[in-house]
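Everything on this sheet refers to the single structure shown next.
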Amino acid sequence: MCGIAGYLGVKPKEAGPFVQRMQNSLKHRGPNSAGLQTMHQACLAHTRLSIIDLSDSGSQPMWDKNNEVCIVLNGEIYNYMGLKAQLSNYPFKTATDTEVVLAAYHKWGIAFLDHLDGMFALAVHDLRTKKTILARDRFGKKPLYYFAEGDELWFASEIRALLESTKVPRKINQNAIGYYLQY
């Protein structure tokens, strides 16, 4: 099942302890390992349920071959073996679908999402461009909740984890209830 959480903004080091709390609240989603990475304008966390590659090399956050792009992924990419064959020039170190997503990002940029068939929620942070991509599968099978205020964005696999950041107000947005019921 796995779980992801993170912070995007100008104070990632200060956000680290809050992201750690968010990660701790997701341990039930991924009991096999947990990782947290703080970098330029991002702090990414992951709790892992090992399924495809049971080795430690599949732990996340996962870095690309050049340590320039970092990813956290919750879900499963059904066509990862076919994609891996198309990306044979990439020096794969694991048998995970997560590393295939990193290689796809390297080859196709943001268009990598068009190539993924599966259920997923992910965050890809690129140190070269200083940009982060947050995405989930087209049907929303894997949850991705977020809260944005000012120059900060918090995200997680569960609302409970977002509340652990202490930045998200614990009140119902009355304006959003209609949208929730409608859509």
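Just so you know, all these numbers are worked out from the coordinates, no wet-lab data involved. Note that the coordinates shown come from a computational prediction; the quantities given were computed from them, not determined experimentally. Every residue, glycine as well, gets a Cβ built from its backbone with ideal geometry; the counts of neighbours run over all protein chains shown.
The table below gives the values:
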quantity	calculated
GNM top mover of Ile77, Ile159, Ile133 - the chain, alpha-carbon springs below 10 Å	Ile133
Cα-based equivalent ellipsoid of the stretch 43-100: semi-axis lengths in Å, sorted from largest, via gyration tensor	18, 15, 10
Shape parameters for the chain, alpha-carbon atoms, Rg then Dmax in Å	16.0, 51
Viscosity 0.890 mPa s, temperature 25 °C, Stokes-Einstein D of the stretch 132-183 from Kirkwood C-alpha radius, µm²/s	196 µm²/s
Folded to 0 to 90 degrees: helix 97-108 orientation relative to the chain principal axis, Cα	80 degrees
Net charge contributed by nearby residues that have their C-beta within less than 12 Å of Ile110 (K/R +1, D/E -1)	0
HN-Hα J in Hz across the stretch 110-124 - Karplus 6.51, -1.76, 1.60, θ = phi - 60°, x for Gly and Pro	4, 5, 4, 4, 5, 9, 8, 10, x, 10, 7, 9, 8, 9, 10
Cα-based Kirkwood hydrodynamic radius, the stretch 1-106, one decimal, Å	14.1 Å
Charge-dipole axis of the stretch 53-172 as Lys and Arg at +1 and Asp and Glu at -1 on Cβ define it, positive-most pick from Val168, Gly118, Val101	Val168
28 Å Cα-Cα threshold exceeded, pairs from Lys11/Lys141; Lys65/Lys130; Lys93/Lys142; Lys131/Lys171	Lys11/Lys141; Lys131/Lys171
